[in-house]
Amino acid sequence: MRRTAALAFVALVLAGCATSPALVAPIRPEGDAPFAIEGRLLARHGSDALTANFQWTHAPPIDALVVTTPMGQGIAEIRGDASARRVEVRGANGLTDEAPDWSTLTERALGAPVPVDGLAVWMQGLALPATPHTQERDAAGRVAQLRQDGWQVVFDYPDASATRPARVRLTRADIEVRIVVDRWD
């Protein structure tokens, strides 16, 4: 059961971070550009931890995510459409779940909503506009640390000229997610 919860946690945290459909047409945050990334992550929730690989295509309002084990075995495929207010997860076992938003889906999987809206913007080293936040910048003027929506987000850039982070660490209460981006497209 713990392993299943950890797998669901990883898949849903990544997916849940992507975008959050609202009851009205979502506003695309400034700087929320389409992207495709591949990478690895470590997710911890309390005493549960899991490592995984992922491929994420963010083309607002659509997000598609494939999460696999480090050996390449499928964990989950997640697809969200903010304009249709629909999020669907398909597990490696073929079971699916669907919800109108990420918080509802994470609450079903974990017993509590995980309000981590905005990861698509955070992954680009930006803060969500019109949402209170504090940030610290590095010597190159890039966001190095961000505090927003109860999360602390720390960015690590591969070199002084990089505009997108290669590593992102998110923490909140007993949740920690470390993301390493191997490729940006």
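Laboratory data are not the source of any read-out in this text; all were calculated from the coordinates shown. Remember, predicted model here, so these are calculated numbers, not experimental data. Cβ placement follows ideal geometry from the backbone for every residue including glycine, while neighbour counts extend to all protein chains displayed.
Taking 0.36 nm per intervening residue step and subtracting the Cα-Cα distance, what contour gain separates Asp182 from Ala166 on full extension?
Contour length minus the Cα-Cα distance gives 5.0 nm.
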Can you give the net charge of the other residues whose Cβ lies under 15 Å from the Cβ of Gln152, counting K and R as +1 and D and E as -1? +1
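Working out 0.36 nm times the residue gap between Leu42 and Ala173, then minus their Cα-Cα distance, what length gain in nm do you get to one decimal?
45.6 nm
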